[in-house]
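The values are calculated or read from the model by the stated rules, or taken from the named source; none is laboratory data. These numbers were taken from a predicted model, which means no experiment stands behind them. Quick reminder, even Gly has a Cβ in these numbers, built from the backbone with ideal geometry, and neighbours come from all protein chains shown.
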Amino acid sequence: MLVSEFSRRFILYYNVSDDVYAMNDPVEGTLFKRLKTAESVQQFLGQGTSIVKYTTKGGKLKRLSPYQGTWDKRRKSKSRKDA
């Protein structure tokens, strides 16, 4: 699934069929069966979008990849520049 993570409470999930991002609801995002397809769509969307692994168990989505928010990355890069 393609996501744009700003914080743990604000995550956008990309829906390919509607070409929109759904806010805070992974059910509205598109699950890709093939990694190559997800990577090509990610290149098209540009920076700020990452691939997150999900699985379906009992009809519910479960996230497999750890959280890596863009906000945390920005804070770390700024603190390294200041030091």
Looking only at the stretch 1-42, and only at residues there that are among the polar types (S, T, N, Q) and part of a helix (DSSP H, G or I), the one that is farthest from L64 (Cα to Cα): S40
Selected residue (only one of T70, T30, T49, T55 is among the β-branched types (V, I, T), modelled with pLDDT under 85 and surrounded by 10 or more Cβ atoms within 10 Å (Cβ to Cβ)): T70
Hits in the stretch 1-11 - residues which are closer than 15 Å to G46 by Cα and crowded, with 20+ Cβ neighbours inside 10 Å: L2, V3, E5
